[in-house]
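Please read the structure below before turning to the comments.
Please treat every number below as a calculation from the coordinates, not as lab data. Source: prediction; values computed, not measured. All Cβ positions, glycine included, derive from the backbone under ideal geometry; neighbour counts span all protein chains shown.
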Amino acid sequence: MSSIFNDKDILNYLSKKISKKIKAEDLNKFLPEERLRRIEKYLKEIADEKKIIISQKEIYRLAGEINEDSFGFGPVSFLINDEKITEIMINNFDQVYIEENDAIRKTNIIFRDNNHIRNLVDKILSPLGLRLDESSPMVDARLKNGSRINVVLSPVTVNDIVVTIRKFKKNIIDIDSLEKSGSINKKIADFIEICVKSRLNIIVSGATSTGKTTFLNVISNFIPPDERIVTIEETLELNLNLPHIIKLESRHPNLEGKGEITIRDLVRNSLRMRPDRIIVGEIRGAEAVDVLQAMNTGHSGSMTTVHSNSPKDLVSRLETMILMSKLNLTPSTARRMIASSIDLIIHLGKLKNGKRMLLKISELINKNESIGSNTILEVKDIFRYQDGNNEARSNTGGSTEFVYTGYVPAFINRIKSGGLDYKFEYENLG
């Protein structure tokens, strides 16, 4: 056996030997500190037995790596524990990117090889009963800490394996935090609060990574505490600070391809659970029909998110989703369903500097109420973020400005009939 520690074969040999020892001794039952000490002890014993020359410093380092590989997330374990990092993207064994402070950057973290990544992923997925191989090359799952992991294998991806981990936020962001960050201001926050308490049906739209789920979580906490809420998600991310919440999560099929529970199944079942409101983490398919019907049949005040580049694009996406439901609906009928179900659209986006912002608050109206003619929908902006010079000023830390467009929404009567009041008298809400 060679005595050169930097030899990759030596490192792999020690790792395999210690892995067998770990399984035999069942180190899971020990506290992390004791577990690490035992791994160091095993390494010294193996090195002495095989006459491998290795320093105490390298023993400590290797023991830490083996501990993280066996009981943590390997080289990215400290990234998982860093609350400032919101996303971890592993494109290859030597390409690990993170999102921190709304910016994506490459790290200097390197795995041994792609098999190292694969072994870690298998260790994570095995207790969940999920399979990852060539016949099932895509997996989406929730970790014990609430984070979401997505894995894609070759041949679906050109790379051997791609792993994306979206971190679960332990600290609940509230409306005050959004105001301090400049994403919204006090007057806009007050308006949204009134809309939520008035039981308007709300859709939060935006492109990828614009903070839709976070924003939905924040405004959901405006809901009065005496209401029964049912949340429905593919992966649990919502963390509402309300007393009466039922959380439902979809389920992937098992190894035999059975047991799948879709978002659509959960929405239908939730209607039998006596909810005051239904909050769906995101709709992206045929479940849009059931969500919109729930909004329009006694569950007013419900909310969800949809991927879209603008409020107008949101309408087109919803129409497509409804037509995917195989209910033989016409486009005109789909648009009428959308118009009768959605009261408010909150659109989010990112500025050039990566900062997440509320860009528009809009109402959706049906321009032609006649049943027999083609339905035409129109998006009317109520508030919008002031771009141009104001955007540049916001990028440099200046004040955040929103403009009232002058349009008074039709749902203002619902707000007033609920005993609340709001006056659209601000030309500039900065």
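For region 175-417, the relative contact order is 20 percent, taking Cα pairs closer than 8 Å that sit 6 or more residues apart in sequence and dividing their mean separation by the residue count.
Mean sequence separation of contacting Cα pairs (under 8 Å, at least six apart), scaled by the length of region 213-305, corresponds to a relative contact order of 29 percent. Among residues other than THR157 whose Cβ falls under 15 Å from its Cβ, what is the net charge (Lys/Arg +1, Asp/Glu -1)? Around THR157, the charge tally is -3. What the Cα atoms of region 223-318 give is an Rg and a Dmax of 13.9, 43 Å. What number comes out for the charge environment of GLN293, summing +1 per Lys or Arg and -1 per Asp or Glu over other residues with Cβ under 13 Å away? Result for the local shell: +1.
Taking max minus min of the alpha-carbon positions on each principal axis, the chain gives extents of 86, 52, 42 Å, largest first.
Antiparallel beta bridges, as assigned by DSSP with both residues in region 199-349, represent about 5 percent of the total such bridges. When you restrict to C-alpha pairs under 8 Å that are six or more residues apart and normalise by the size of the chain, the relative contact order lands at 11 percent.
Cross-link pairs exceeding 18 Å in C-alpha to C-alpha distance, out of LYS212/LYS360; LYS212/LYS355; LYS84/LYS360, comprise LYS84/LYS360. The alpha carbons of region 175-417 stretch over 55, 44, 37 Å along the principal axes, in descending order.
Exposure proxy for VAL139, VAL408: other Cβ atoms within 10 Å of each Cβ, ordered fewest to most, give VAL408, VAL139. Under the convention that each Lys and Arg Cβ holds +1 and each Asp and Glu Cβ holds -1, the size of the dipole of the chain around its Cα centre is about 400 debye. Quantify how much of the Cα-Cα distance distribution of region 76-166 extends past 16 Å, in percent. I get 53 percent for the Cα pairs in region 76-166 exceeding 16 Å.
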